[in-house]
Amino acid sequence: MKQSVNLDTSKNSPPAHFQEDSSGRQARYDHRAIEAKWAKIWKDTKLNEAPISSGIDPSTMLRIRPLRPYYNLMMFPYPSAEGLHVGNMYAFTGSDIFGRYMRMKGYDVFEPIGLDGFGIHSENFALKIGRHPMDHAVITEKNFYAQLSKIGAMFDWSRTVETYNPNYYRWTQWLFVQMFKQGLAYRAKASVNYCPSCKTVLADEQVIDGLCERCKSVVEKRLLEQWFFRITTYAERLLGNLDGMDWTEKVKIAQKNWIGKKEGIEIHYPVKDTKEEIVCFTTAPVNFGMTFIVISPQHEFVAKIVRGEIAVSKEKSKEIAEYAQACAKRKKEVGEKEKTGVNTGLFATNRVAGWDVPIWISDFVVKEVGTGAVQGCPAHDTRDFEFARKFGLPIKRVVMGPDGDMSEVDTVGKVIVHGMNGTMVNSEFLNGLPFEEGLQKTMDFVEKKGWGKRVSTYHLRDWLISRQRYWGPPIPMIYCGKCAKVGKGEKNDMPGWYSVPEKDLPVVLPRIEDYKPGDDGIAPLAKHKEFFNVACPSCGSAARRETDVSDTFLDSSWYFLRYPSVGNIKSQSPNPNTQQGSNLQSPITNDQQGMKNSKNTSMLSEAKSSGLEIGDWKLDIPWNPEVTRQWLPVEMYTGGAEHSVLHLLYSRFIWKALRDWGYLDFSGEAGPRLARQDPASQDSAWDEPFSTFFAHGLVIKDGSKMSKSKGNVVNPDEYIATYGADALRIYLMFMGPFSQGGDFRDSAMEGVSRWLNRVWRIVTTSIHNTQSPISNAQHFALLNKEGSGEKIAKALNKLVKKVGEDMEHRRYNTAIASMMEFTNLVADARLLALQQGDSARQEGGALAVDQAQVLVKLLAPLAPHLAEEMWELLNQPSAISRQSSDKTGELKEIKSETTHYPLRTTNYISVHIEPWPEVDESILAEDEVTVAVQINGKTRATIVTSLATIKEESAFVSLCQSDGRIKKYLDGKTIVKTIVVPGKLINFVIE
RNA sequence: GCCGAUGUGGUGAAACUGGCAUACACGCAGCUCUCAAAAAGCUGUGGCUAUAACAAGCCGUGAGAGUUCGAGUCUCUCCAUCGGCACCA
């Protein structure tokens with residue numbers, strides 16, 4: 001099937017590509033040879049290395065024209081499984097096509113790739129297959145990079161990032177230190193999510209339906225002391241920017257919902273016979289219908305009762321303590337609604353209404369939500385209603401339904417909740433007001449009396465950052481018990497805690513063999529004295545390192561800032577590519593060192609040498625400020641919507657924090673990247689790391705998500721081997737809209753492959769035209785005889801427009817479809833020539849060489865290898881006879897010292913840096929149009945006519961009326977109305 | 001329960017601003033080439049009615065209403081599927 005081209009061409013016979021060979025085969029392109037050939041040439045000529053350092057071309061070290069940076073980023077994969085998933089390839093291909101398109105549009109496109117290899121995902125997989133995570137990282141890195149280099153993406157391999165490389169996580173730790181110094185990192189005892197299977201705590205965002213995001217175990221609540229980042233401080237800014245951002249809408253909505261801003265009021269209720277008060281948060285203070293208060297079992301008030309600080313009877317105290325304890329232990333099922341509770345016997349005063357209400361405790365009230373205390377208004381809140389029903393508390397209607405309903409609220413259906421229409425009743429000074437107005441007036445009243453204050457609450461919680469695991473960056477903190485005793489510490493509010501001095505970073509993750517998480521919730525590193533024993537940076541006495549590691553999402557929250565600065569460590573290095581070697585052989589592989597590493601010997605010096613010896617930039621931050629000024633923010637970010645409230649939110653938070661601390665400075669002389677930004681919106685644009693975010697769809701198989709358990713995971717390798725990366729790329733994009741994903745089916749893959757071979761034949765046939773006695777002009781004239789030449793020229797011009805528009809919107813599926821339509825048209829024209837017995841054109845194709853060149857350019861972002869091969873043939877027709885020999889060596893001297901572009905020689909420029917074809921507006925206009933003729937909105941005929949005819953509207957209308965197919969409908973009827981849509985349709989409304 | 005998305009042939013899907021519904025492809029059927037197969041190519045392919053054939057007619061975008069000369073597209077009410085959030089006060 002994958003027949004390579006027969007090259008045994010005797011001098012005078014036509015080239016092999018469009019001839020059947022002796023065995024009757026027709027040519028198919030040899031994807032193996034072509035893809036290998038160009039992958040090598042692109043690599044050798046550094047075609048895909050972005051001129052990061054102010055327009056220095058890496059292949060020549062010459063300055064090219066002014067830099068036009070375009071940062072095209074895709075989410076880096078976490079290499080947890082055996083290899084690259086077709087879903088990864090789908091995402092990368094869609095992103096890469098756009099990057100390639102932008103490059104042809106004249107931008108200097110930077111398209112990096114890396115591995116998100118630290119974290120629970122990778123560690124769990126390593127545990128499962130029983131391989132040390134450090135060894136596993138080395139293997140997956142090799143495998144992933146090998147696979148990734150085959151998919152035809154324009155990755156800049158000179159600037160990869162691996163999160164587990166000490167050169168990288170040194171800076172992740174640096175980021176943690178900054179967080180601490182700025183007061184955004186703190187330790188707190190809190191009720192946290194704990195996964196008993198992964199044996200670690202999880203962030204709220206990592207709990208899905210009450211289950212662990214990774215292993216699907218039921219997550220428990222535990223009261224533990226952990227590290228947090230104060231993301232909530234940024235809630236308002238994270239929310240505020242969303243509106244103006246060019247992001248996929250559903251992702252913005254998901255973030256908005258996750259931040260979950262709610263406006264309401266906190267009302268203070270004095271507890272009778274005590275000095276205590278309970279504060280309730282509510283968005284709907286229906287105080288005249290308030291008949292009780294419910295507080296969470298974790299509420300401080302409950303603790304005070306249990307401790308005896310609030311006087312209740314002994315029995316009560318015991319009952320309450322037991323209930324609180326039971327709640328803490330019990331795992332609640334998802335969606336469990338059955339109410340439980342216990343009465344404290346205490347009362348609080350509802351000062352608005354002037355009566356006392358009982359105080360209850362129930363676990364339907366969550367400590368973290370609002371104030372952990374709810375004012376029970378059972379007639380106007382369904383949960384309060386259910387609670388009141390269960391415990392026989394009074395239900396008092398204070399809102400009349402829109403239909404005048406004043407009956408007793410005795411079913412959930414009758415509960416009128418906040419947001420519904422209604423009128424206040426039984427509410428003294430509120431009577432007669434609409435529901436919403438009544439609530440506002442109540443708030444005014446409460447504030448005026450000084451009983452409470454309007455506040456906003458957020459669903460967003462602080463980011464739980466510590467993990468009791470092994471495979472992550474050790475949190476760079478030191479605890480000194482001695483300092484703690486005397487209340488000393490780096491921060492006043494955290495006695496005993498010191499950040500690791502920046503000069504001592506990284507705190508290297510040592511290779512240990514007992515890396516499995518323990519049942520006791522204690523981190524693996526906590527068992528290694530040689531790791532955690534350290535001198536206090538302040539007093540010098542024996543202190544202890546933090547043994548938790550940080551969350552993976554911290555690694556990925558800033559990686560895009562690092563990419564452009566990799567390889568710019570020494571900005572004038574004659575060979576920026578030297579970085580790559582050190583990445584692939586990260587010091588981790590040097591595992592003989594074992595525990596020696598914990599003393600920060602070789603790894604540290606390695607990290608330091610790459611980090612501290614800086615040419616023209618003082619390294620105290622992880623990126624080159626000048627490079628960052630030029631290339632960031634990321635202009636286009638492509639990734640999955642599943643990261644809506646995780647990675648995408650964290651990255652925004654980290655970016656804003658870094659900017660506030662002055663580490664990201666875009667002011668001053670605007671570089672070309674910034675010059676494109678509208679000055680008015682510059683500041684808000686700089687406040688976001690990703691100018692545009694595009695959420696791609698998911699590849700599914702047989703109607704369901706691919707997963708190992710279902711056994712429907714597709715490995716791209718075998719498809720690349722059979723059909724080639726180009727064919728797979730096109731198939732993946734042709735499945736459906738990139739924004740929506742699609743259903744992967746083998747059979748459809750075959751069709752795409754067939755089409756690419758058709759394109760190959762059409763293009764190579766057009767080359768033959770230049771070699772045959774017929775010149776381009778003659779060829780064109782011949783075709784014109786029956787009009788197909790002109791038809792094709794017009795169709796091609798329209799195609800350029802259509803494909804360009806589709807590229808802009810990443811509608812690759814329709815771009816491909818319209819290219820198929822075009823090649824069908826070309827095939828038809830050729831067939832016509834054959835039928836007419838025109839021997840010249842039988843041998844030739846229907847496409848002139850310059851037309852074939854346009855077609856190849858349009859195809860280039862989608863099928864980069866094949867397009868490049870055809871481009872070479874089109875520009876060096878004499879090379880045809882030798883092209884498919886495997887003599888790639890002859891292209892070695894392709895790099896010329898006299899030019900500034902890679903791959904540019906006197907006679908060859910890579911198609912991928914050719915300018916995107918222009919639309920010729922002058923021939924875009926049709927002079928012939930098809931008009932639909934309708935009777936009462938139903939199409940009865942179509943009329944093909946010239947534009948000139950249509951201009952004379954009245955004449956055209958009568959022309960349509962007299963058409964035989966129409967006339968029969970009009971006979972004996974009156975035309976009530978005639979609607980003319982110029983150039984499109986005519987509608988006669990009759991009778 | 002709330003938020004979001006999606007519903008179009010046997011299948012993946014087009015129709016972007018209301019204007020010829022089903023582009024493009026898969027599959028299927030028939031044919032050409034061939035000793036044969038593969039490859040390649042050609043023709044047909046929404047449903048129903050109907051015809052020797054050429055025609056022709058009606059129905060048709062999850063269901064039902066509405067707006068409009070005209071609705072896959074806009075409005076309303078449902079139904080189904082898939083994602084996300086969820087006792088959020």
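Is there a residue being more than 10 Å from RNA strand B (Cβ to nearest atom) and farther than 25 Å from A:S427 by Cα anywhere in the range A:280-289?
In the first step, residues of the range A:280-289 are kept if they are more than 10 Å from RNA strand B (Cβ to nearest atom); the result is A:287-289.
Add one more test, that the residue is farther than 25 Å from A:S427 by Cα, and what stays is none.
No.
Residues that are charged (D, E, K, R) and more than 12 Å from RNA strand B (Cβ to nearest atom) do not occur anywhere in the range A:367-380.
Considering only the range A:925-970, state which residues are open to solvent by less than 70 Å² (accessible area, probe 1.4 Å), aliphatic (A, V, I, L, M) and within 10 Å of RNA strand B (Cβ to nearest atom). Matches in the range A:925-970: A:V929, A:V931, A:A932, A:V933, A:I935, A:A941, A:I943.
Provide a single number: the residues in the range A:133-155 that are in a loop (DSSP other than H, G, I, E, B) and open to solvent by less than 50 Å² (accessible area, probe 1.4 Å). Walk me through it before giving the result.
Narrowing the range A:133-155 to residues in a loop (DSSP other than H, G, I, E, B): A:149-155.
Filter again for open to solvent by less than 50 Å² (accessible area, probe 1.4 Å), leaving A:151-155.
The qualifying residues number 5.
Given the criteria open to solvent by 20 Å² or more (accessible area, probe 1.4 Å) and more than 30 Å from A:K261 (Cβ to Cβ), does A:Y479 qualify?
Spelling it out, A:Y479 is indeed open to solvent by 20 Å² or more (accessible area, probe 1.4 Å) and more than 30 Å from A:K261 (Cβ to Cβ).
Listed here are the residues, each with its yes/no results for (1) within 17 Å of A:N797 (Cβ to Cβ); (2) within 16 Å of RNA strand B (Cβ to nearest atom); (3) touching a Lys or Arg at 6+ places or on another chain (Cβ under 6 Å); (4) modelled with pLDDT of 85 or more.
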position: A:F822; (1), (2), (3), (4): yes, yes, no, yes
position: A:D828; (1), (2), (3), (4): no, yes, no, no
position: A:L831; (1), (2), (3), (4): no, yes, no, no
position: A:S839; (1), (2), (3), (4): no, no, no, no
position: A:L847; (1), (2), (3), (4): yes, yes, no, no
position: A:Q851; (1), (2), (3), (4): yes, no, no, yes
position: A:P861; (1), (2), (3), (4): no, no, yes, yes
position: A:N875; (1), (2), (3), (4): no, no, no, no
position: A:I880; (1), (2), (3), (4): no, no, no, no
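Checking the stated criteria, A:R187 turns out not to satisfy the condition of being more than 16 Å from RNA strand B (Cβ to nearest atom), surrounded by 24 or more Cβ atoms within 10 Å (Cβ to Cβ) and over 21 Å from the mean Cα position of the chain (by Cα). Annotation: A:I97 fulfils all but one of (1) in a loop (DSSP other than H, G, I, E, B); (2) at pLDDT 90 or above; (3) open to solvent by less than 10 Å² (accessible area, probe 1.4 Å); the unmet one is (1).
So that you can scan it fast, the table gives a plain yes or no per residue for (1) within 15 Å of RNA strand B (Cβ to nearest atom); (2) open to solvent by 30 Å² or more (accessible area, probe 1.4 Å); (3) of a type outside the set (K, R):
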| site | (1), (2), (3) |
| --- | --- |
| A:Y269 | yes, no, yes |
| A:K272 | no, yes, no |
| A:F292 | yes, no, yes |
| A:S296 | yes, no, yes |
| A:K304 | no, yes, no |
| A:I310 | no, no, yes |
| A:S313 | no, yes, yes |
| A:E319 | no, yes, yes |
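Of the residues that make up the range A:535-556, is at least one more than 26 Å from A:T233 (Cα to Cα), buried (at least 19 other Cβ atoms within 10 Å of the Cβ) and under 31 Å from the mean Cα position of the chain (by Cα)? Step through it out loud before you land on a result.
First, the residues of the range A:535-556 that are more than 26 Å from A:T233 (Cα to Cα): A:535-545, A:547.
Going one step further and asking which of them are buried (at least 19 other Cβ atoms within 10 Å of the Cβ), we end up with A:536, A:543, A:545, A:547.
In the following step, the residues that additionally are under 31 Å from the mean Cα position of the chain (by Cα) were identified as none.
No, the range A:535-556 contains no residue that is more than 26 Å from A:T233 (Cα to Cα), buried (at least 19 other Cβ atoms within 10 Å of the Cβ) and under 31 Å from the mean Cα position of the chain (by Cα).
Remark: pairs (first residue in the range A:368-386, assigned to a helix (DSSP H, G or I); second residue within 7 Å of RNA strand B (Cβ to nearest atom) and aromatic (F, W, Y); Cβ separation under 8 Å; 6+ apart in sequence or on different chains) = A:R383/A:F364. As for the range A:388-404, it holds at least one residue that is in contact (Cβ under 8 Å) with a residue 12 or more places away in the chain, within 12 Å of RNA strand B (Cβ to nearest atom) and open to solvent by 10 Å² or more (accessible area, probe 1.4 Å). Annotation: of all residues in the range A:499-514 being open to solvent by 20 Å² or more (accessible area, probe 1.4 Å) and touching a residue at least 40 places away in the same chain (Cβ under 8 Å), the one that is nearest to A:L184 (Cα to Cα) is A:E502. Within the range A:247-259, the presence of at least one residue that is under 24 Å from the mean Cα position of the chain (by Cα), of a type in the set (S, T, N, Q), open to solvent by less than 60 Å² (accessible area, probe 1.4 Å) and modelled with pLDDT of 90 or more is confirmed. Restricted to the range A:971-990, and to residues there that are touching a residue at least 24 places away in the same chain (Cβ under 8 Å) and more than 21 Å from A:T945 (Cα to Cα), the residue that is nearest to RNA strand B (Cβ to nearest atom) is A:V989. The number of residues in the range A:424-473 being open to solvent by less than 10 Å² (accessible area, probe 1.4 Å), farther than 13 Å from A:N287 by Cβ and polar (S, T, N, Q) comes to 2. On the stretch given as the range A:166-197, residues that are hydrophobic (A, V, I, L, M, F, W, C) and touching a Pro at 6+ places or on another chain (Cβ under 9 Å) total 6.
Which is of a type in the set (A, V, I, L, M, F, W, C) and open to solvent by 20 Å² or more (accessible area, probe 1.4 Å), of A:V374, A:V342, A:V352, A:V365?
Details: A:V342 fails: open to solvent by 20 Å² or more (accessible area, probe 1.4 Å); A:V352 fails: open to solvent by 20 Å² or more (accessible area, probe 1.4 Å); A:V365 fails: open to solvent by 20 Å² or more (accessible area, probe 1.4 Å).
Just a single option satisfies the conditions, and that option is A:V374.
Can you tell me which residues in the range A:100-132 are assigned to a helix (DSSP H, G or I) and aliphatic (A, V, I, L, M)?
First, the residues of the range A:100-132 that are assigned to a helix (DSSP H, G or I): A:100-104, A:120-129.
A:M102, A:M104, A:I120, A:A126, A:L127, A:I129 - these are the residues of the range A:100-132 that are assigned to a helix (DSSP H, G or I) and aliphatic (A, V, I, L, M).
Let me confirm something: among A:S747, A:S788, A:S766, A:S775, which residue is at pLDDT below 85 and within 11 Å of RNA strand B (Cβ to nearest atom)?
Numbers: A:S788 fails: within 11 Å of RNA strand B (Cβ to nearest atom); A:S766 fails: within 11 Å of RNA strand B (Cβ to nearest atom); A:S775 fails: within 11 Å of RNA strand B (Cβ to nearest atom).
Sole residue among the options that is at pLDDT below 85 and within 11 Å of RNA strand B (Cβ to nearest atom): A:S747.
Taking the range A:114-126 as the range and being free of Cβ contacts under 8 Å to residues at least 60 places away in the same chain and surrounded by fewer than 24 Cβ atoms within 10 Å (Cβ to Cβ) as the test, only A:F125 passes.
The values are calculated or read from the model by the stated rules, or taken from the named source; none is laboratory data. The shown structure was predicted, so the numbers you read here are calculated from the model rather than taken from an experiment. Because the Cβ atoms are built from the backbone with ideal geometry, glycine has one as well, and the counts that use them run over all protein chains shown. With ligands, DNA and RNA removed, areas are computed over all heavy atoms of the protein, side chains included. Shrake-Rupley method; radii C 1.70, N 1.55, O 1.52, S 1.80 Å.
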